[in-house]
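Worksheet: one structure, shown below.
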Amino acid sequence: MIAATLGWVGTMGTFAAYILLWRGKLGSDSLTYALMNTVGGLLGGAASAYYGAWPSVASNVVWAAVGLQSIVVEVRRRVRSRRSRARSAIEALYEPLTDCLV
């Protein structure tokens, strides 16, 4: 019963992610979209493993890995963007000082 519930929750999560993407509610670079796919794949894979449905386990694990890779890429992009903005803000603070020294 628990495995079946996990499988259905995982399947509905990945379907919901796709529907939200299709309707424009989530972007393909959204952490929410990637997280929904990762968790859905893991839950679906766990349920499939319980029932011994190994092809389904493999496809769900790959789906979760793709989602996890998307999370890593997006988090790295956001960190780089924040560092860049912080660096620009610091440079803007010091810009008036360099103008006075010239």
**OP:** Would you compute, for the Cα atoms of the chain, the largest minus smallest coordinate along each principal axis and list the three values in descending order, in whole Å?
**Re:** 74, 26, 20
Original post:
What full-extension length gain, to one decimal in nm, is calculated for Arg76 and Trp8 as 0.36 nm per residue of separation minus the Cα-Cα distance?
Top reply: 21.3 nm
Original post:
Quick one, what does Rg over Rh come out to for region 21-77 if you take C-alpha atoms and the Kirkwood Rh?
Top reply: 1.07
Subject >> Electrostatic dipole magnitude of the chain [Cβ: Lys, Arg +1; Asp, Glu -1; Cα centre; debye, to 20] >> reply: 40 debye
**OP:** Please sort 68-76, 6-14 by packing, taking for each peptide the average over its residues of neighbouring beta carbons within 10 angstrom, highest first.
**Re:** 6-14, 68-76
**OP:** Net charge near Glu74: determine it from the other residues with C-beta under 14 Å of the C-beta of Glu74, scoring Lys and Arg +1 and Asp and Glu -1.
**Re:** +4
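Here, each number is a calculation from the coordinates, and none is a lab measurement. As the structure is a prediction and not an experimental result, all values here were calculated from the model. Heads up, the Cβs are rebuilt from the backbone with ideal geometry, glycines too, and the neighbour counts pull from every protein chain shown.
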